[in-house]
Structure formats: C-alpha cells, structure tokens
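Please treat every number below as a calculation from the coordinates, not as lab data. Just so it is clear, the structure is predicted and the values come from calculations on it, not from any experiment. Every residue, glycine as well, gets a Cβ built from its backbone with ideal geometry; the counts of neighbours run over all protein chains shown.
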Amino acid sequence: MTRKRRADAENNRQHVVDVARVAFGAEGLDLPVREVARRAGVAVATVYRHFPSRQDLVTAVLEDQVARCAADLRAALADPDSRRALSTAVRFFGESQVRDRGLVEALRGPRTAFAEERRAHAEAFAHLVRRAHDDGVLRGDLTVADARVALAAIASARSLPAPAVRKLTDLLLAGVLRD
C-alpha cells in the first residue's frame, strides 16, 4: 500500500525539483546533488529522501520540464488567435532554450525516455503552423518543415546571450509571418 505524502513533504519535494531545474538548466546535469541541496536550503539527506538516486532527481527535473513544455503548447493551442498562438509557442521555445540550456540536450535524441512526449509536442507545433497557414497568417510558401528549421536555428543559438536569442526569435517570426 502506498502512503500519500504529507502536503509539506510534497511542497518540499517540489521545491527541490524547482531549484534543481533552475540549477541544472543554467549549469548542466553534472551539478552535484549537494549543490542543489544547498541552493534549496535543505540537507543533502532531504534530497535523497525524496530522490533515492541522482538519476531519480534528474528524471524528476526532466519530467517537470516536459510537463512545462506541454502546458505551454496547450496554452498556445487554446489561443483562438493563430498568429499570437504560433508566436507565443515559438517565443516559449526560445526562452526555454536560453533558460534551460543544461536540460535541453538531455531531452534531445530519439532514444530518450521522452521521445513520445517530444513527438506529441512536435505534432502540437505542426498543428499551430497549419492553423496559422490556413488562417493566412504565414507566408504562403512556408511549410511545417520550414517552421521546424526556424526552431532548429533558435536551438542552435542557445549558447548566445539571451538578448541575442530573443532577437533571432523575433527576426525569424518576422520572416515567416505576414504583416
């Protein structure tokens, strides 16, 4: 029988995940668990109580990251304005590339534990592109594959300073959206 966690224990666990996401996003997945614990203001034993292994903590952070991406895409899909929806999704993607540099590589590749979720995210993005195309918001010759090239360009620039990635995102959107 599995016991339900106390609310304070669940809040503590989520706090560790949130701190680890920011830390791993900025500095990579090799950051020591003791440093995550220090930044979270908890003992290392507290981290290990919630996450028996380092990999358990990394997995929880990556699951959280994937869930955040899915929530961003759901919000974009729910927006009735196809221009704003696509622009928002692309900007979310660009911000994530900058903010979560250390997590992005762990989520890439066909063999990751999140390959199915990545496919679902790709299909949601494709839906946003098709909807914007159908609404006449995109240049007529632009395809879903072209829009994915724009995302790849943003992803390849993630090592640049955040303002440069934001500028690239704006330039790419200006190039694909009709006035």
Over the chain, what portion of Cα pair distances is larger than 30 Å, expressed as a whole percent?
28 percent
Enter the Cα centre distance for the pair the stretch 36-54 and the stretch 73-89, rounded to the nearest angstrom.
37 Å
Charge-dipole axis of the chain as Lys and Arg at +1 and Asp and Glu at -1 on Cβ define it, positive-most pick from 164, 33, 19
33
Roughly how many nanometres apart are two label points built 7 Å out from the Cα toward the Cβ at residue 68 and residue 178?
3.6 nm
Which angle from 0 to 90°, rounded to the nearest 10, does the C-alpha axis of helix 54-78 make with the longest principal axis of the chain?
30 degrees
Charge sum, other residues only, whose C-beta stays under 12 Å from residue 40's C-beta, Lys/Arg counted +1 and Asp/Glu -1
+3
Whole-number percent relative contact order across the stretch 7-176, with pairs defined as alpha carbons under 8 Å at least 6 apart:
24 percent
So if I place +1 on the C-beta of Lys and Arg and -1 on the C-beta of Asp and Glu, and nothing else carries charge, what would the dipole magnitude of the stretch 45-179 be about its Cα centre? I want it in debye, nearest 20.
300 debye
Rg from C-alpha atoms of the stretch 8-72, normalised by the globular rule of thumb 2.2 N^0.38 Å, equals 1.02
Of 53, 96, 82, which has the largest mean-square fluctuation in a 10 Å C-alpha GNM of the chain?
53
For labels at residue 118 and residue 145 in the simple 7 Å Cα→Cβ model, what's the distance in nm?
2.0 nm
Taking the chain as the reference, fit the longest principal axis to its C-alpha atoms, fit the long axis of helix 82-99 to the helix C-alpha atoms, and give the angle between the two in degrees, 0 to 90, nearest 10.
40 degrees
